[in-house]
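S.K.: What follows is a single structure, and I will ask about it in a moment.
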Amino acid sequence: MVQLAEYLRELVSTPQELLIQPVIKHQRLQHDKKIREEQELESGAILQAVLEQGKEGGACPNAGDLVYVHVSISPAVAEGAELSDQKEEVLWTTRADEGGSGQPLAFALEKGIRPPRAWEVALKCMSEGQRSMLKVRPSFGYLHPDCQMEPPPSVDATQQLAFDLQLVQHYSDTEVRPCGLHSSMFKKVYKEGSSWESVRPPCEITFHATLRALAHDGIQLSGRHLFSTKEQSSPSMPTPPNTSMPPGVTPGQPLSAQLGAGQLPQGIEEALGQMSKQEHAMFILPASAMQLPAESTHPCSVLARALPPKAVQVEVELELVSIVQVRDITGSGEVIKRRLREGNGEFPIDCPMHDTCVRVHYRVRPVRRGVPGDWVLDTRTQHAGGAEALQGEQQQQSTENEGDGQKQALSTVEEPNPIEFDTGCREAPQGLEMAIKLMIPGELALISIRGPPSAAPADSNSTQPQSSTCHAKYGYGTCDRELPQGITAEDDLDFEVELCGFDKEAHWQVMPMEERFALVERVRARANAQVRAGRHGSAQSQYLRVLKLMDMTRDFDTQEEIDTMDRLKVLMLSNLALCCTVLGDYPSAAMYASKGLELDEENPKLLFRRGRALSLKGDYEEAEADFHMAATVDPNCAGDMEKEVVANQHRAKAADRKQRNEMKNFLSRN
């Protein structure tokens, strides 16, 4: 019985076997779906009667084509009645003579937001102008699994319906296409853009817009004119004389807006996101995507107010005039780059995205409580916080007013050399480096560095970075450079930066070995200069950067190349140990020195630096052993090592006294 009970418990605890589901290929599923549909159609799921013949010899639309249709929806006639005698009450219609808007519906056959399946089946066999009455079961109406179009509020999708459907126009899918697989937006391009760069938040753009109702006959660009920023909406369609411009909109001038700031209707913003600079295109958008809050006062709100009542869709003609690239680099608004002038090259191929030596001119100003101050440092005219002295004569500054802000144009007698620094080496504020890595040579940009956003709601109509009351964590606190005069550690910052050039080195793995050695020597020389200047954090970053490259090298051809690489590694590791010791990171200093000793066991400098780090870390016995070994390897440094041994012993005694005192105090309290 005991064995039987154990066996039953084992059966209960055994996981249930999962049934293996057969894998059915997509083509097979589609084939089966087509067969089921044909069977339902044969059983009367859709009954059709032609009311008006279409254009003789006219082509029928294909899957993917954009169709314009007029439709009236009614309850289906009773069984036995002639379908052509449908006289039930109209529940919803697009036809003006039946109380509709007079504007047809536009959609792509079997793409985008799909209508009732019965419409698609019927339209594939209809030519332009043909009008048919359809009696449709709910399963082929709005309840069909492929239907994504919502029924009008007055229509009960669960009952049999009659659709009075007329095809008024259709366009090939090579002319007009839906934007996105399930999108209700359609696009037709009239002029391709001049750049591959598309817009995305928070870019600032200027654009011309013309809004029209969909024409009753489906001919594009011929519908009732609603609004236009141009004096003429198209060469053939003049603006009606009674069209008035709202405040902030000037006839013939484009609109300006910032994406992502709530200044544009969602549909317009999505359409602009599908365009590139100088592109001219027409979009068909749902009226529901043209809404803005009633309290919006931005000039672009006129686009939302221009829609007529009962509109379901609207035709929007857009021309993207210009793009001011604005990048929220951190995604939190703490580092924002706004391009003021385009550079020479292609993004991102010609950007210094990897750590390298960059050459820039920049100026910086504090921003306090959201108000920019005066420019306090300019590398064209001043010594830039510990950088090497710049050459050139004094510049003259002239101020030009533009709109609500000011731009200071710099006129140069003789352009001084730009300042040089290595990215990734704590030589410049982190936010500034992040932005420079996304610039191309010749580009001028405004870099705004702010603290974390405050809890107060942002002004949706502002194109400026929001102010904060917190310390900017991407500012001068992230680098070893001294604060410029007139700037405090709590200030938000604005940098105006011009990328003059950078060292565009070949990829490490494809460089000849001699070029790799030369690169290592150049970086080491720059890092050593940082050490002599007391900027050990910057030097540490440079040593680590090049050491990482050296560690990935495996393609040696000779033993001499291996020896040269090991020698350079020893130098890097030794200097890293020094930097870490100065910075107070004694465990890392000991670790780097130990790695160097694996390559050169009797290197007295490495033994000394590891011994110093171990002593400061509290490993006094190991430290003393390293000092004695260094003196043995190099008798010339025996005197210095003896002093280090004495200092190590003093540290050990001091640490012992401190421990005894702490133990005594602990016991006395208890």
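S.K.: Would you confirm whether or not the stretch 409-420 contains a residue that is among the aliphatic types (A, V, I, L, M), in contact with a His (Cβ under 9 Å, 6 or more places away or on another chain), modelled with pLDDT of 60 or more and in the same structural domain as Gly475 (by TED's automatic domain parsing)?
M.R.: Yes, that holds for at least one residue.
S.K.: Confirm whether Cys60 is loosely packed, with under 15 Cβ neighbours inside 10 Å, modelled with pLDDT of 90 or more, at negative phi and not in a helix (DSSP H, G or I).
M.R.: So Cys60 fails the test.
S.K.: Restricting attention to the stretch 225-233, does a residue exist that is closer than 28 Å to Asp328 by Cβ, modelled with pLDDT under 75 and either surrounded by 16 or more Cβ atoms within 10 Å (Cβ to Cβ) or out of contact with any Cys (no Cβ under 8 Å at 6 or more places or on another chain) (or both)?
M.R.: no
S.K.: In the set Gln313, Gln291, Gln266, Gln278, which member is touching a Lys or Arg at 6+ places or on another chain (Cβ under 9 Å) and not aliphatic (A, V, I, L, M)?
M.R.: Residue meeting the stated conditions: Gln278.
S.K.: Assess whether Gly611 counts as being over 21 Å from Leu544 (Cβ atoms), of a type in the set (Gly, Ala, Ser) and touching an Asp or Glu at 6+ places or on another chain (Cβ under 7 Å).
M.R.: Details: over 21 Å from Leu544 (Cβ atoms): yes; of a type in the set (Gly, Ala, Ser): yes; touching an Asp or Glu at 6+ places or on another chain (Cβ under 7 Å): yes.
Yes.
S.K.: Does Ala294 fit the bill of being free of Cβ contacts under 8 Å to residues at least 12 places away in the same chain and under 26 Å from Gln103 (Cβ atoms)? Full working, then the answer.
M.R.: Details: free of Cβ contacts under 8 Å to residues at least 12 places away in the same chain: yes; under 26 Å from Gln103 (Cβ atoms): yes.
Criteria met by Ala294.
S.K.: From Ala630, Ala590, which residue is closer than 29 Å to Lys548 by Cβ, in contact with a Leu (Cβ under 7 Å, 6 or more places away or on another chain), among the small types (Gly, Ala, Ser) and modelled with pLDDT under 95?
M.R.: Step by step, each of Ala630, Ala590 is checked, and only Ala630 is closer than 29 Å to Lys548 by Cβ, in contact with a Leu (Cβ under 7 Å, 6 or more places away or on another chain), among the small types (Gly, Ala, Ser) and modelled with pLDDT under 95.
S.K.: Those residues that are surrounded by 13 or more Cβ atoms within 10 Å (Cβ to Cβ) and among the aliphatic types (A, V, I, L, M), I need them from the stretch 534-555; list them, please.
M.R.: Ala539, Leu544, Val546, Leu547, Leu549, Met550
S.K.: When you look at Glu319, is it touching a Pro at 6+ places or on another chain (Cβ under 9 Å) and not in a loop (DSSP other than H, G, I, E, B), yes or no?
M.R.: yes
S.K.: Yes or no: Arg114 over 30 Å from Ala271 (Cβ atoms) and of a type in the set (D, E, K, R)? Can you show your working first?
M.R.: Numbers: over 30 Å from Ala271 (Cβ atoms): no; of a type in the set (D, E, K, R): yes.
So Arg114 fails the test.
S.K.: Can you find, within the stretch 121-150, the residue that is surrounded by the fewest Cβ atoms within 10 Å (Cβ to Cβ) among those that are free of Cβ contacts under 8 Å to residues at least 24 places away in the same chain and under 20 Å from Ala162 (Cβ atoms)?
M.R.: Glu150
S.K.: Is it the case, given these coordinates, that Ile487 is of a type outside the set (S, T, N, Q), closer than 30 Å to Pro372 by Cβ and more than 29 Å from the chain's Cα centre (by Cα)?
M.R.: Taking the combined requirement at face value, the residue satisfies it.
S.K.: Which ones in the stretch 478-536 are in contact (Cβ under 8 Å) with a residue 60 or more places away in the chain, outside the structural domain of His354 (by TED's automatic domain parsing) and of a type in the set (S, T, N, Q)?
M.R.: Gln530
S.K.: Could you tell me whether the stretch 264-280 includes any residue that is of a type in the set (Val, Ile, Thr) and either over 24 Å from the mean Cα position of the chain (by Cα) or surrounded by fewer than 18 Cβ atoms within 10 Å (Cβ to Cβ) (or both)?
M.R.: No, that holds for no residue.
S.K.: Moving on to the next point. What's the total number of residues in the stretch 556-579 that are buried (at least 19 other Cβ atoms within 10 Å of the Cβ) and out of contact with any helix residue (DSSP H, G or I) (no Cβ under 8 Å at 6 or more places or on another chain)?
M.R.: Count: 0.
S.K.: Where the second residue is surrounded by fewer than 14 Cβ atoms within 10 Å (Cβ to Cβ) and the first is in contact (Cβ under 8 Å) with a residue 40 or more places away in the chain and lies in the stretch 555-577, which pairs have Cβ atoms under 7 Å and are six or more apart or on separate chains?
M.R.: Phe556/Ile562
S.K.: With respect to Leu583, is the statement that it is in contact (Cβ under 8 Å) with a residue 40 or more places away in the chain, within 27 Å of Arg535 (Cβ to Cβ) and of a type in the set (A, V, I, L, M) true?
M.R.: Here the answer is yes, as Leu583 does meet what is asked.
S.K.: Only one of Ala96, Ala118, Ala106 is in contact with a Gly (Cβ under 7 Å, 6 or more places away or on another chain), within 18 Å of Val314 (Cβ to Cβ) and assigned by TED's automatic domain parsing to the domain that holds Gly58. Can you tell me which?
M.R.: From the options Ala96, Ala118, Ala106, the qualifying one is Ala96.
S.K.: Just for the stretch 499-530: of the residues that are touching a helix residue (DSSP H, G or I) at 6+ places or on another chain (Cβ under 7 Å) and aromatic (Phe, Trp, Tyr), which one is modelled with the lowest pLDDT?
M.R.: Result: Trp508.
The values are calculated or read from the model by the stated rules, or taken from the named source; none is laboratory data. Everything numeric in this text was worked out from a predicted model, so none of it was measured. Virtual Cβ from ideal backbone geometry, glycine too; neighbours counted across all protein chains shown.
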